[in-house]
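The values are calculated or read from the model by the stated rules, or taken from the named source; none is laboratory data. Treat the numbers as computed from the prediction; the structure is a model and nothing was measured. Don't worry about glycine lacking a Cβ; one is built from the backbone with ideal geometry, like all the others, and counts go over all protein chains shown.
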Amino acid sequence: MRELKLEHWSRLGRFRRSKWMNIGKQGSNIRFMQGRLLCDLASDGAKSMIQSTSWSLTEMCQSQLKITREDIDPDDTTSFFDATVSSPDRLLHFVQHCNSQTWLEIPGTKTLNGGRAERNEYILLHEFHRLKYVPPDKTWAKKSGAAAAKAEAVDDEGGAAPVAAKSKRDKYKGGLVFEPKRGLWDKYILVMDFNSLYPSIIQEYNIDFTTVDKTDDDSGEVKIPAIPDSGIPQGVLPRLIATLVEPKRGLWDKYILVMDFNINRRRQVKNLMKDRTATQAQLVQWDIKQKALKLTANSMYGCLGREILTHTRELAENLSLDVIYGDTDSIFVNSNVTDLPDALKIANELKKAVNDRYRLLEIDLDGIFRRMLLLQKKKYAAVKVEEMNASSVEIKGLDMKRREYYIFSTKSCRETTPRQWLSAYRILEMDGENIRGGKVDMDDFIVFKRLGKAPEDYPKDNSLPHVHVAKRMKERGGHARIGDVIPYIFCLGGDGTSVKTGQADRAFHPDELRKTDSELKIDFEYYIAQQILPPVERLCDPIEGTDRARLAECLGLDPSRFQVSVGVIDDDPYRTLDSQIPDKERFREAAQFTVKCRKCQGSTVFPSVGSPEAPVITSAGVRCPGCSEELTLASIQVQLETQLRQQINNYYSG
């Protein structure tokens, strides 16, 4: 439009403009549509509400609309217009496909674009305007030179730009995460969570732009302001947050929420979700509402709550409870009991002890885990207790949640979660047999990876599989740009050999395998060795009795390749020191060094120095006990080296 110098170009949106804005920077083009309702399934707003892998139209139709959409390879488009075919069925099928695809996109238009930061900003601005405040003008710090280039490069990679410290001062710390106590916990674990921790902190201490005194002193040193006095009236921010997280009783109906900002609160919505007579559509709507209220309230808080979480852990430990993990606004407590009523009693005691310390802050029981496998920070799998003696598996941060692992790998990991430890070996045996037997769908082998930048911006010798696949997609007339999720499958080489690592030249788009004339074959051995075994091994690592070689053997792999020898260290402070044990006792299991005499061909054990049993080392030199012939040092050296090499070979051969 700019190159053609079209008039009234600003009518794309509802904001009249006379000058063109900058074009090309990611996210800037949306300003041309200001005032219009847009739908973008790849936006941050949509991704915060929808759990998906690739956000493709096919996947969104299946997960959100429960409709199976047919995928047609763009290279096959011309075949639908083949004039040599007498029947028009294929052409009609293609027309119906295009028509149904248009209808599938219509329900998605209800998802509107909008950032949380902008919504929060205008909620505050409207409230300040109502109270007759004059907010200061918004300012932006301009970047120049290398700093701007570096920040733009980081943005292209999808990360956060580093903040250069202008002065030597402590950086703000994020949410507190306790070091987890790794292992498999087989007794009830209590998940104690603060209800809206950060919004409650703001209300507890009345933190607001109008209550906190941030007057700069003459020294120019940045200091943390004092907590507002209790006599100061409630500020704007605490009052707004209270409308989001606190209920106003008696103003809501059983099914219909009054759409007023002051009474549409998250707790009300969560209470509605507990109604057993609610339909699935109502539950989905209420879940979206409570998440929206949570995001709006929590995105106003800043970095708070570290001290409160630390005090909560200390309080739990004073009650003789074991806190095995904590993250931001919740703690995981080992109840050390196997009876559910006893676990609930402990949870209520801890809840009362914590809530008595605060006026508005409130901790509650968020869930109970019957079993929990805790690997590291933000990574665990657990069996969660549900109502009516039911249970479900909850997984956080493990490999099965990452798109870099193909779908069948995540299924294997889920089946070896704490609920099925006893049958884990058998499950792996069946998985290996099903993969090699061709009983697994091709779609289950697809690996997904997001492009950090445009494919042409990567170096030519780049070895990333998804980059090579994206470049081939563009060569065939497809599109691949920054932020796209690229699917690919690892295949055997031209000679039919497998690879130990994922080579980029052996990664292909699923459409290339779907072609009828395709000779590509999936590399099953690579998927078993590199996609199933590593995540399952990490899952089983904290559990005593599991062995990497045994897991590999269950999957049909050579166990000798995965044999690991680990030295066992005895931590008993009262154990006998090695120096206090006689050599004969210490080395009784060790192979003995034997020397052979070249004259009499007799063999004898080479004893320790000073041994009274048939001494070999005498005052006349090293001699054979049988014929008293001298044993040369060269002969002894060769025999010792040969026997050492033999023992080393025995060690590695198992």
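Could you identify the single residue in Lys584, Lys599 that is at pLDDT 70 or above and assigned to a helix (DSSP H, G or I)? Write out each step before concluding.
Numbers: Lys599 fails: assigned to a helix (DSSP H, G or I).
Of Lys584, Lys599, the one residue that is at pLDDT 70 or above and assigned to a helix (DSSP H, G or I) is Lys584.
In the set Ile72, Ile23, which member is at negative phi, among the hydrophobic types (A, V, I, L, M, F, W, C), at pLDDT below 70 and assigned to a loop (DSSP other than H, G, I, E, B)?
Answer to the check: Ile23.
Taking the stretch 447-475 as the search range and keeping residues that are assigned to a loop (DSSP other than H, G, I, E, B) and out of contact with any helix residue (DSSP H, G or I) (no Cβ under 8 Å at 6 or more places or on another chain), which one is surrounded by the most Cβ atoms within 10 Å (Cβ to Cβ)?
By that ranking, first place goes to Ala454.
Restricting attention to the stretch 78-100, and to residues there that are surrounded by 11 or more Cβ atoms within 10 Å (Cβ to Cβ) and among the hydroxyl-bearing types (Ser, Thr, Tyr), which single residue is nearest to the chain's Cα centre (by Cα)?
Within the stretch 78-100, the match that is nearest to the chain's Cα centre (by Cα) is Ser100.
Quick check: anything in the stretch 476-496 buried (at least 19 other Cβ atoms within 10 Å of the Cβ), without any contact (Cβ under 8 Å) to a residue 24 or more places away in the chain and either within 24 Å of Asp75 (Cβ to Cβ) or touching a strand residue (DSSP E or B) at 6+ places or on another chain (Cβ under 8 Å) (or both)?
For the stretch 476-496, residues buried (at least 19 other Cβ atoms within 10 Å of the Cβ), without any contact (Cβ under 8 Å) to a residue 24 or more places away in the chain and either within 24 Å of Asp75 (Cβ to Cβ) or touching a strand residue (DSSP E or B) at 6+ places or on another chain (Cβ under 8 Å) (or both): absent.
Quick one: is Glu317 of a type in the set (Asp, Glu) and at pLDDT 75 or above?
yes
Of all residues in the stretch 229-266, which are modelled with pLDDT of 50 or more, loosely packed, with under 15 Cβ neighbours inside 10 Å and either in a helix (DSSP H, G or I) or not small (Gly, Ala, Ser) (or both)?
Applying the first criterion (modelled with pLDDT of 50 or more) to the stretch 229-266 yields 229-246, 265-266.
So of that shortlist, the ones also loosely packed, with under 15 Cβ neighbours inside 10 Å come out as 229-234.
Result: Asp229, Ile232, Pro233, Gln234.
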